[in-house]
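Here is the structure we will look at, set down as structure tokens.
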Amino acid sequence: MATYKDLILQHCAGIVEHVLEGMENYRVGSGKIPVPKEPILYRWWFPANSEVVTMLSEWRSKDSKEPTNLLEGVLTREIEGKTYYALYFGKSNKGYRRFIQHSKGNIHTSTLRRTIHSLLTDEEYNKPVHEQQIDEILKDCYFEWAVIDKEEESLVECIEAICIVHGTYPLNIDGNPAINEIWREHMMNERGKVKDKK
């Protein structure tokens, strides 16, 4: 017999399918994006030629001689004849505000930007990264979203968790069991260093 928790998870899974089918997307650098102010679920699609995608495909931990491909299991899509990877998923009670924090904000207001910064300043690469460089990377991405129906707002945590596991999303570091454990620990440490510099 199904428990209450099982029923909630099944219900959330049904909502997930509905949400993922109805998402709208726009290229970030194409001008003003009509992201609504309402609560949304969203994801970021990075082009295959992005520096972020390249680094994720050949990431090395300190103890490894061989690179690890962190893109295994990641959703891909052809958009206007190019391959894109879905690397980050999120939710927000204020959709447009969150989009601005990610696309034009800073590493202290956006976990996505902080994770990209931490990836690009990894010890192996050892180079300074400026907010403008992150802006340039995100300009080539597609931002995709779906408005959360009022009756679904109370289930948004459950919906987000299912979506993150369903798509892997290697830039979602917190509470993501679908990603490489060594990668998660490394990035949590690197992101912590960024927070400490605030």
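Numbers for the structure displayed
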{"quantity": "Cleavage-rule hits (GluC sites (Glu not before Pro)) in the range 28-129: DSSP loop, at most 14 neighbouring Cβ within 10 angstrom", "calculated": "E58, E72, E80, E123, E124"}
{"quantity": "Burial ranking of peptide ranges 83-91, 134-142, 60-68 (average Cβ count within 10 Å, highest at the top)", "calculated": "83-91, 134-142, 60-68"}
{"quantity": "Accessible-area composition of the range 32-128, carbon plus sulfur, in percent [1.4 Å probe]", "calculated": "45 percent"}
{"quantity": "Gyration tensor (alpha-carbon) shape descriptor, the range 41-136, a/c threshold 1.5", "calculated": "oblate"}
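The values are calculated or read from the model by the stated rules, or taken from the named source; none is laboratory data. Bear in mind the structure is a predicted one, so any value in this text is a computation, not a measurement. Note: ideal-geometry Cβ built from the backbone for every residue, glycine included; neighbour counts use all protein chains shown. Remember, those area values only see protein heavy atoms, side chains included, never the ligands or the DNA or RNA. Shrake-Rupley method; radii C 1.70, N 1.55, O 1.52, S 1.80 Å.
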